[in-house]
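The values are calculated or read from the model by the stated rules, or taken from the named source; none is laboratory data. Bear in mind that the values here come from a model prediction, so they are computed numbers and not experimental data. Please note: Cβ atoms are built from the backbone with ideal geometry, for glycine as well, and neighbour counts cover all protein chains shown.
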Amino acid sequence: MELIYCSFFLYYCTTKNLAQRSMKKQILLALLLLVISCKKDNLADKLNPAQWIVGNWEQKTDKGILTESWQRQNDSVFVGSTYFINESDTLHSETILLEQRSDSITYSAKVKGQNNDKAVPFTLTTANTNTLVFENPAHDYPQKMVYQKNKSNGLVVTVSGMLSGKKSVEKYTMTRK
């Protein structure tokens, strides 16, 4: 469809009012319209490796229920939220933006009660059909987060880095709700 639309513009611009415009101006205008109307925005392509994360995820333990929900807001932004609830108490809540910024994808996590309630950015360093790796070496903890789709269509989130001078690794295995 885009090709037909672009061809129409090219035809229209090169044949309309030939007597009033010079051929050079018409060709430049046609090329400009062709570039503007046919340019494909590739933001969605850059976030496509993360599409599998969309949905609701859950891990039940004797300490409570961890839930993480993701939805695609538009071509350049995914919105996520994480809650850890024990009975009726919310022990942890987090809002997340996964967004295209120029040529990179940033995971920004805002944890209630931490970092003055400001978001902490992590840069996507690896993306494929099963794994997303986000890193921020300058952050106190964590410095690395790995989202991995497992064979049973589950989600394993690994949070790691240096904590109080020691290497720390936390794993959360969730199932799709």
### Query
Here is a list of conditions, (1) more than 24 Å from residue 149 (Cα to Cα); (2) modelled with pLDDT under 90; (3) touching a strand residue (DSSP E or B) at 6+ places or on another chain (Cβ under 8 Å); (4) not small (Gly, Ala, Ser), and residue 47 meets all of them except one; can you say which number that is?
(1)
### Query
For the stretch 29-42, does any single residue satisfy the condition of being assigned to a strand (DSSP E or B), modelled with pLDDT of 50 or more and surrounded by 16 or more Cβ atoms within 10 Å (Cβ to Cβ)?
no
### Query
How many residues are small (Gly, Ala, Ser), surrounded by 14 or more Cβ atoms within 10 Å (Cβ to Cβ) and over 17 Å from the mean Cα position of the chain (by Cα) if we restrict to the stretch 105-157?
1
### Entirely in the stretch 119-177, the strands (runs of 3 or more DSSP E) that have 3 or more residues that are under 22 Å from residue 48 (Cβ atoms) and touching a residue at least 12 places away in the same chain (Cβ under 8 Å)
120-127, 131-135, 144-149, 155-163
